[in-house]
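Asker: Let me begin by handing over the structure; questions about it come next.
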Amino acid sequence: MLLKERIQAQLPEWRERVRKLVKEKGDVKVGEVTIGQIYGGMRDVRGLVTDISYVDPVEGIRFRGYTIPELLEKLPKPEGSEAPYVGGLYYLLLVGSIPTLDEALAVEEEWKTRSKVPAYVFDVLRALPEDVHPVTMFSTAILVMQRESLFAREYHAGIKKDAYWEPMLEDSMNLIARLPEIAAFIYRFKYKGGELIPSDPKLDWGSNFAHMMGVADAKYRDLSRLYFLLHSDHESGNVSAHTTHLVASSLSDIFYAASAGIDGLAGPLHGLANQECLGWLLGVYNKYNGVPSREELHRYAWDTLNSGQVIPGYGHAVLRKTDPRFTAQYDFGMKHFPQDDVFKLAAMVYDVVPSVLLEQGKAKDPWPNVDAISGALQYHYGVTEFDFYTVMFGVSRILGVSANVIWDRALGQPIERAKSLTTAMLEAIAAKV
Ligand SMILES: CC(C)(COP(=O)(O)OP(=O)(O)OC[C@H]1O[C@@H](n2cnc3c(N)ncnc32)[C@H](O)[C@@H]1OP(=O)(O)O)[C@@H](O)C(=O)NCCC(=O)NCCS
């Protein structure tokens, strides 16, 4: 497999680099931790390492050193399309360099050969209660495939530690290859009377998802690839990435680890925010029977804050500027359907809400994050069941977290075990100052 060769070729150098750093400079301090941070969700505590993406507070995400606009320009795309192949993005995440068209297509081909979803996965999903959340279905589908993990099998057969990453890569490729069909199944099963659309082996991974969703407009294929690129990775400290990393650090395989990561994504402060965000937009829309005036929107935003709720889609733990993932989707909407009502409303919210949050003065970041707009774009294409949005986020996020876990194993990262203290101990430390 091309990805395996490309990673293999870099391993001696990477391993030596890390070994040397830890051996010679292992005692060098990179930061301090305050009591406020311990009680404050470990915000800004430097305790993780990844070379796959980095979030600059002002500039936003860089994947392997490339900004979002750079990626949209440089990654290979299907002819006549504006969003890159997801296979090319995965190559970049894993290998670290921009692939050629052939390299991107090689990943796409590899996924095609691994894309058959075992029938038992669908049986399990069909057996779940009718009112189960689509994210629960998605996480369950991933978890139930754990029985097929090559990593688990090879580990128990005694594989050497420095080869752990290889079955981790194999498992990740198998898992990712199946995600579009699993996600589309959940959508069609839950919302479209179970009328399934068979996979089209001629299509690339992202387009095939769009096809199996049953969205007729071909532009939705571009949007799907764009969406999967934008949501794939966001450093290691966010809940879904950190959970996946933590679970995998005990040498659980990617099925266990990714399923756990998705469970973290399900929280309203993380992935679920994109569904809450559209719910909030529609709440405004319904209240005013259409796109409101700026004054009405201003009042509605204040009403939300005064009732003790957050405005979903705004604010970020790290970013201090408009999220470039928001901008990429905003630009897509502006280009293709600026007159769409829900999109127009989302654009007006972008105009009004930051100033409301600034007036209130609580949020450290009053700017939109990725979730503020993604739902409005899905809505335009008729994917209006916003319970489903976190499944799409999950499909994308598994690209990033699996790439991280493969490299964790390649570089021999140990089981994670942070130290905790009691409140009395912290009080005693504080009393000495
Ligand atoms: C993303 C988020 C969870 C980051 O949390 P954080 O790092 O604790 O954010 P801050 O440090 O800026 O929070 C400081 C205060 O501002 C508030 N705040 C932050 N974003 C806010 C928002 N969008 N609306 C209202 N209040 C907000 C916080 O609730 C907090 O209030 P508190 O002191 O009463 O607890 C937070 O901004 C939020 O809840 N946003 C809305 C949900 C969302 O969009 N989530 C998706 C993230 S990708």
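The values are calculated or read from the model by the stated rules, or taken from the named source; none is laboratory data. What you are looking at is a predicted structure, and each value in this text was computed from that prediction instead of being measured. Ideal geometry is used to build each Cβ from the backbone, glycine not excepted, and the neighbour counts take in all protein chains shown. With ligands, DNA and RNA removed, areas are computed over all heavy atoms of the protein, side chains included. Shrake-Rupley method; radii C 1.70, N 1.55, O 1.52, S 1.80 Å.
Asker: Mind checking whether some residue in the range 348-358 is part of a helix (DSSP H, G or I), within 14 Å of the ligand (Cβ to nearest atom) and aromatic (F, W, Y)? Don't jump to the end; show me each part of the working.
Answerer: Taking the range 348-358 first, the residues part of a helix (DSSP H, G or I) are 348-358.
Restricting the remaining residues to those that are within 14 Å of the ligand (Cβ to nearest atom) gives 349-350, 352-358.
Next cut, aromatic (F, W, Y) only: 350.
Yes, that holds for at least one residue.
Asker: Determine whether the range 193-203 contains at least one residue that is in a helix (DSSP H, G or I) and of a type in the set (A, V, I, L, M). Give the steps one after another, and end with the answer.
Answerer: Filtering the range 193-203 for residues in a helix (DSSP H, G or I) gives none.
No, that holds for no residue.
Asker: I would also like to ask the following. Within the range 178-193, which residues are of a type outside the set (S, T, Y) and open to solvent by 30 Å² or more (accessible area, probe 1.4 Å)?
Answerer: The answer is E181, F189, K190, K192, G193.
Asker: Take S252 and tell me if it is over 16 Å from the mean Cα position of the chain (by Cα), within 18 Å of N404 (Cα to Cα) and not in a helix (DSSP H, G or I). Break it down stepwise before answering.
Answerer: Values: over 16 Å from the mean Cα position of the chain (by Cα): yes; within 18 Å of N404 (Cα to Cα): yes; not in a helix (DSSP H, G or I): yes.
Criteria met by S252.
Asker: If I filter the range 300-313 down to residues being of a type outside the set (D, E) and open to solvent by 30 Å² or more (accessible area, probe 1.4 Å), which single residue comes out as farthest from the ligand (Cβ to nearest atom)? First the steps, then the outcome.
Answerer: Here is the first cut: in the range 300-313, the ones of a type outside the set (D, E) are 300-302, 304-313.
Filter once more, so that each one left must be open to solvent by 30 Å² or more (accessible area, probe 1.4 Å): 300, 302, 306-310.
Values: Y300: 13, W302: 11, N306: 11, S307: 11, G308: 9, Q309: 7, V310: 4 Å.
Looking at the filtered set, the residue picked out is Y300.
Asker: Just to be sure, is A241 surrounded by 24 or more Cβ atoms within 10 Å (Cβ to Cβ) and either within 16 Å of the ligand (Cβ to nearest atom) or part of a helix (DSSP H, G or I) (or both)? Don't jump to the end; show me each part of the working.
Answerer: Numbers: surrounded by 24 or more Cβ atoms within 10 Å (Cβ to Cβ): yes; either within 16 Å of the ligand (Cβ to nearest atom) or part of a helix (DSSP H, G or I) (or both): yes.
Yes.
Asker: So if I check each of I61, I35, which one is in contact (Cβ under 8 Å) with a residue 12 or more places away in the chain and more than 27 Å from the chain's Cα centre (by Cα)?
Answerer: Values: I61 fails: more than 27 Å from the chain's Cα centre (by Cα).
Result: I35 is the single residue among I61, I35 that is in contact (Cβ under 8 Å) with a residue 12 or more places away in the chain and more than 27 Å from the chain's Cα centre (by Cα).
Asker: Continuing with this model, one more query. Given the condition open to solvent by 50 Å² or more (accessible area, probe 1.4 Å), over 15 Å from L399 (Cβ atoms) and of a type in the set (A, V, I, L, M), answer yes or no: does some residue in the range 102-124 qualify?
Answerer: Looking for residues that are open to solvent by 50 Å² or more (accessible area, probe 1.4 Å), over 15 Å from L399 (Cβ atoms) and of a type in the set (A, V, I, L, M), one finds at least one in the range 102-124, hence yes.
Asker: Sticking with this structure for a sec: Pairs only if they're at least six apart or on different chains, beta carbon under 6 angstrom, first in the range 309-328 and over 19 Å from L272 (Cα atoms) and in contact (Cβ under 8 Å) with a residue 40 or more places away in the chain, second open to solvent by less than 30 Å² (accessible area, probe 1.4 Å) and within 9 Å of the ligand (Cβ to nearest atom); list them, first residue then second.
Answerer: Qualifying pairs under 6 Å: R320/D365; T322/P368.
Asker: Evaluate the following for D253: is it within 29 Å of Y66 (Cβ to Cβ) and not β-branched (V, I, T)? Let's see the steps before the verdict.
Answerer: Working: within 29 Å of Y66 (Cβ to Cβ): no; not β-branched (V, I, T): yes.
When the stated conditions are applied, D253 does not pass them.
Asker: Continuing with the same structure: Against the conditions (1) open to solvent by less than 60 Å² (accessible area, probe 1.4 Å); (2) touching a residue at least 12 places away in the same chain (Cβ under 8 Å); (3) away from the ligand (no atom under 11 Å from the Cβ), where does I429 fall short? Just the number, please.
Answerer: For I429, the exception is condition (1).
Asker: Output the residues belonging to the range 45-64 that are among the small types (G, A, S) and modelled with pLDDT under 95. Show your work before the answer.
Answerer: Here is the first cut: in the range 45-64, the residues among the small types (G, A, S) are 47, 53, 60.
Listed by number, the list holds a single entry, G60.
Asker: Another question, if that's okay. Can you tell me which residue is most open to solvent (accessible area, probe 1.4 Å) among those in the range 31-80 that are part of a loop (DSSP other than H, G, I, E, B) and under 17 Å from V107 (Cβ atoms)?
Answerer: Filtering the range 31-80 for residues part of a loop (DSSP other than H, G, I, E, B) gives 31-34, 39-52, 57-59, 64-65, 75-80.
Those left that are additionally under 17 Å from V107 (Cβ atoms): 52, 64, 75-78.
Details: I52: 4, R64: 41, L75: 3, P76: 17, K77: 58, P78: 21 Å².
Here the answer is K77.
Yes/no matrix, rows are residues, columns are (1) more than 21 Å from the chain's Cα centre (by Cα); (2) touching a residue at least 40 places away in the same chain (Cβ under 8 Å):
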site	(1), (2)
L175	no, yes
R178	no, yes
L203	yes, no
D217	yes, yes
D233	no, yes
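Asker: Right, another one. Can you name the residue in the range 316-334 that is more than 17 Å from the chain's Cα centre (by Cα) and within 14 Å of the ligand (Cβ to nearest atom) and, of all such residues, is surrounded by the fewest Cβ atoms within 10 Å (Cβ to Cβ)?
Answerer: Taking the range 316-334 as the starting set, the residues that turn out to be more than 17 Å from the chain's Cα centre (by Cα) are 320-322, 330-334.
Pick out the ones that are also within 14 Å of the ligand (Cβ to nearest atom) and you get 320-322.
Details: R320: 13, K321: 16, T322: 19.
Restricting to residues being more than 17 Å from the chain's Cα centre (by Cα) and within 14 Å of the ligand (Cβ to nearest atom), the top hit is R320.
Asker: Related question: Restricting the search to the range 312-341, which residues are hydrophobic (A, V, I, L, M, F, W, C) and at pLDDT 95 or above?
Answerer: To start, the set of residues in the range 312-341 that are hydrophobic (A, V, I, L, M, F, W, C) comprises 317-319, 326, 328, 332, 334, 337.
Within the range 312-341, F326, A328, F332, M334, F337 meet the criteria.
Asker: Got at least one residue in the range 276-299 being closer than 21 Å to T390 by Cα, out of contact with any strand residue (DSSP E or B) (no Cβ under 8 Å at 6 or more places or on another chain) and more than 14 Å from the ligand (Cβ to nearest atom)? Walk me through it before giving the result.
Answerer: The initial filter retains those residues of the range 276-299 that are closer than 21 Å to T390 by Cα, namely 276-283.
Pick out the ones that are also out of contact with any strand residue (DSSP E or B) (no Cβ under 8 Å at 6 or more places or on another chain) and you get 276-283.
Filter again for more than 14 Å from the ligand (Cβ to nearest atom), leaving 282-283.
Taking every residue of the range 276-299 in turn, at least one turns out to be closer than 21 Å to T390 by Cα, out of contact with any strand residue (DSSP E or B) (no Cβ under 8 Å at 6 or more places or on another chain) and more than 14 Å from the ligand (Cβ to nearest atom).
Asker: Scan the range 369-398 residue by residue and report those that are aromatic (F, W, Y), open to solvent by less than 10 Å² (accessible area, probe 1.4 Å) and away from the ligand (no atom under 16 Å from the Cβ).
Answerer: Within the range 369-398, the subset aromatic (F, W, Y) is 379, 381, 386, 388-389, 393.
Now drop any that are not open to solvent by less than 10 Å² (accessible area, probe 1.4 Å), which leaves 388-389, 393.
Result: F388, single match.
Asker: Tell me, please, whether a residue that is small (G, A, S), open to solvent by less than 70 Å² (accessible area, probe 1.4 Å) and either under 30 Å from A163 (Cα atoms) or within 16 Å of the ligand (Cβ to nearest atom) (or both) can be found in the range 9-20. Don't jump to the end; show me each part of the working.
Answerer: Residues of the range 9-20 that are small (G, A, S), as a first pass: 9.
Filter once more, keeping what is open to solvent by less than 70 Å² (accessible area, probe 1.4 Å): none.
Within the range 9-20, not a single residue is small (G, A, S), open to solvent by less than 70 Å² (accessible area, probe 1.4 Å) and either under 30 Å from A163 (Cα atoms) or within 16 Å of the ligand (Cβ to nearest atom) (or both).
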